[in-house]
Amino acid sequence: MTAPTPTTQSITQNTRTVRRRGQYQHARRPGRVKLRVLDGGPKSFEKVIESTRLRVGRSKSADLQIEHGSLSGLHFELRLGRTGVELFDLKSKNGTFVLGRRVYHMELHPGDEILAGDCRIVLVETSEVDVEHRSELRDDGLLGISEPILEAFARVEKVAKMDMSVLVTGETGAGKDLFVQALHRHSPRGQRPLVVLDCAALAEGLADSILFGQRRGAYTDAEHDRAGVFEQASGSTLLIGEVGELSMKLQAKLLRVLESKEIVRMGDSKIRAVDVRVMATTHRDLPAMVEQGKFREDLYFRLAGIPFEVPSLRARGPEEVEHLAGQFLAEANRKAGTSLVFTADALATLREYGWPGNVRELRSVVGRLPALCDGIEVEPHHLALSDYRPRSTQLDEFVRTGTLKEVHAMFDRWFLARVLKECGGNVSEAARRLKVNRKTLVNRLQELGLLPGE
């Protein structure tokens, strides 16, 4: 198959970034994609769609409806970002092919021809777009498309401007440190270096010196004057990582500095004023620790001037897993010079896995694929998820850590998918079996992304 030569300019600049007083502002317009349909009727036609995401198929709900018998209701989806265009096959019956190879997820470029069933569609032109804050924070390593993560991105812009302490909570591997770095970078203090204190690695005997500094001769090995982290961060931001690991004694010392904004170096009598914005992170439940007497209540309220929760990968949903896996695979392909693509079974495995290590674990799993795959298609066994457990077997973990809404959605996604499978995808039969109104079931399936054909 020979792809037609684009007749219009391939890529145009469509976003603008303005640096002003340490903040980032974006002039944003919708994404734009031009498709040429070669087999959608008596003659070919072109269609321009302004959107960051569009679905193609025979269904009236498709963004681009094409009356072609070989197409599924919703056949494939295109997602536009500033780095390019991604194609996702939507479990189509007759498959999606590029360059003669069936694909489930891949990056496209202007001029590429897509074969959806027997229908040929050419990607003629795209414009760069700003996808739901993703590119706005891309330089900070923050990626995502789900509603929970987009809400977190939006909060970064607001919270960064407020010169108050921030307590960033979330599970291990969810990206707490990345959010702190973004909050600092986009704040008025962002021109100065972020200073980091890791409480998990803070030895009790060295804590005073590290926190407040020392004067030469303060103790046997104190051969030089040295500033502590509060002095180093004066005028900037201090990240106190895993603050829940601090002993009660060190909590008291930390509270005194936060209240007085003054420190005294070990072995010295001079009082030094410090101007520090504190951001703390923890994966622990600090309110529960306060109730148990393991964390000072006054310190908790001092740190939690603005609480900021980073959603777990589990809370972001399977669509987010698939999206991030695609981003990480594209990154791994660039580094290794490979052209790996996920099969439908591999994507299903990724979506169903519980990801106890969150985004960090997902990046690690995908990043090692070039070394584990002997072809170009990534199959489930290449993922090497030795502790793979379907979501249905993780109820105990989710009940322990998730919210009512998260656990409810997780259980419904597993339970309803199983019922649908047993009913052969027949929604009416599933509704009768579950003794619910068909419309009620359809609405819930749509919410969970389980409606057959979608």
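The values are calculated or read from the model by the stated rules, or taken from the named source; none is laboratory data. Remember, it's a predicted structure, so these values are computed and weren't measured experimentally. Neighbour counts run over all protein chains shown; Cβ positions are idealised from the backbone, glycine included. Surface accessibility is based on the protein's heavy atoms, side chains included, excluding ligands, DNA and RNA. Shrake-Rupley method; radii C 1.70, N 1.55, O 1.52, S 1.80 Å.
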Q. Looking only at segment 354-397, which residues are more than 21 Å from the chain's Cα centre (by Cα), within 22 Å of ARG418 (Cβ to Cβ) and at pLDDT 85 or above?
A. PRO380
**Q.** Residues (open to solvent by 10 Å² or more (accessible area, probe 1.4 Å) and of a type outside the set (D, E, K, R)) located in segment 295-311
**A.** TYR300, PHE301, ALA304, GLY305, ILE306, PRO307, PRO311
Q.
Being loosely packed, with under 12 Cβ neighbours inside 10 Å and on the phi < 0 side of the Ramachandran plot is the filter here; which residues of segment 423-442 pass it?
A. SER428, ASN437, LYS439, THR440
Q: Output the residues belonging to segment 162-221 that are open to solvent by 50 Å² or more (accessible area, probe 1.4 Å), among the basic types (Lys, Arg) and at pLDDT 85 or above.
A: ARG185, ARG192
